[in-house]
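This report concerns only the one structure given below.
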Amino acid sequence: MKALTPHRAMFLMGLLIIALVWALIYYARDEWKLYEAPADDDIAVPSLVERDESGMSSVKLTAAAQKASGIEVGQPLTVRAGTEREAQAAVLDVEPLFALRAQLQEARADIARLASQLARSEAERDRIQALYSDDRNASERALQTARSQAEQDRGALAAARARADGLHARLVQGWGALGGTASGEAPRELDKLADRRASLVAIALRGAGDAPPTMQLRLPDGEESIEARRIGLAPRSLAHAAGETWLYKTERVLPTGTRLAARGVTGTAVLHLVPNSAVVWYAGLPWIYVRDDDEPEEFIRQALPAESQRPDGWLAPALEDDARVVTRGAQLLLSEELKHTLADENDD
């Protein structure tokens, strides 16, 4: 057997080292593949939040996603902003109004009948006068009778006109603008009142200032708001309330004598009233999400003035005609927006 020389020993050690390296590579190949595989955190997740060039963000949801998330939208109520006025109101009995109008219509019918009768009697008087003047072809007695009849008819017509004028004056004194014109033209508000499709409400406004064009009425035991539109100044005041009384009409039929609380706003600025359910809070401020009909999948967050809260909602700056406000699900949209905002900050 040959002796192991230093050169041969080094050669054998080199072969051993090479074999060990290859064995290590072979058995570690699975762990190497796992190391090269991308982590789960690196998988791209599509964002529902987009930002425009000005930095304004919006949340985009498809119609199916909106339905699945329970998101609901509604059109805000247009209101006027200005001086708020509170008042007491009462539903009036309109039977005396229409009873008086019926008497006036009868008086005006009598005027038309008596005017026609006077025209005939005057024509007969003139005919007999012509015969009498033509060589006494009619008797003087017949002429006197014709003249007397014409004078009698003229007096009856004057009395009918005076009666009609008196009835119209009573209407105006008791019912203001609902009395109609002297010519007999009736206000259009009377149509629905006569058919019992509307109610007449007297509202006593406290303090000075113009009467609001519309008032919101509330029953003492309910929260529902009833809109009333102004007709005109009432010539009489309410017995149970002090202040200048105005007549309003509601499209809803209410029991006669019902007492209501009224609130209205005088002013020219047009705002929108959004319900309390549409408001979300972020950074100490109230916000709403708005959607346009042109972009039915895009929701943009808008701030509300902190002092614009009312018992029945929030006053928002005037929105576009096709704007819709998220009335349910606004908190979900805010959570989605904030989640992606935080994710972007972490990436930075």
L48 versus (1) at pLDDT 90 or above; (2) open to solvent by less than 80 Å² (accessible area, probe 1.4 Å); (3) over 32 Å from the mean Cα position of the chain (by Cα): which is the lone unmet condition?
(1)
Applying the selection to the stretch 286-313, what residues are charged (D, E, K, R), more than 17 Å from I71 (Cα to Cα) and without any contact (Cβ under 8 Å) to a residue 12 or more places away in the chain?
E307
From (1) closer than 19 Å to A186 by Cβ; (2) modelled with pLDDT under 90, pick out the condition that doesn't hold for I111.
(2)
Whichever residue in the stretch 320-329 is modelled with pLDDT of 90 or more and hydrophobic (A, V, I, L, M, F, W, C) and, among such residues, is nearest to the chain's Cα centre (by Cα)
V325
In the stretch 262-278, which residue that is surrounded by fewer than 20 Cβ atoms within 10 Å (Cβ to Cβ) and outside any strand (DSSP E or B) is nearest to the chain's Cα centre (by Cα)?
P275
Residue match in the stretch 108-130 (condition: without any contact (Cβ under 8 Å) to a residue 60 or more places away in the chain and closer than 30 Å to L247 by Cα)
yes
When you scan the stretch 232-252, how many residues do you find that are aliphatic (A, V, I, L, M) and modelled with pLDDT of 90 or more?
1
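With L217, L200, L178 as the choices, which residue is over 25 Å from the mean Cα position of the chain (by Cα) and not in a loop (DSSP other than H, G, I, E, B)?
Within the list L217, L200, L178, the selection yields L178.
The values are calculated or read from the model by the stated rules, or taken from the named source; none is laboratory data. Note that this is a predicted model, so its numbers are computed, not measured. Note that each Cβ is placed from the backbone with ideal geometry, even for glycine, and that neighbours are counted across all protein chains shown. Just the protein is used for accessible areas: all its heavy atoms, side chains included, with ligands, DNA and RNA removed. Shrake-Rupley method; radii C 1.70, N 1.55, O 1.52, S 1.80 Å.
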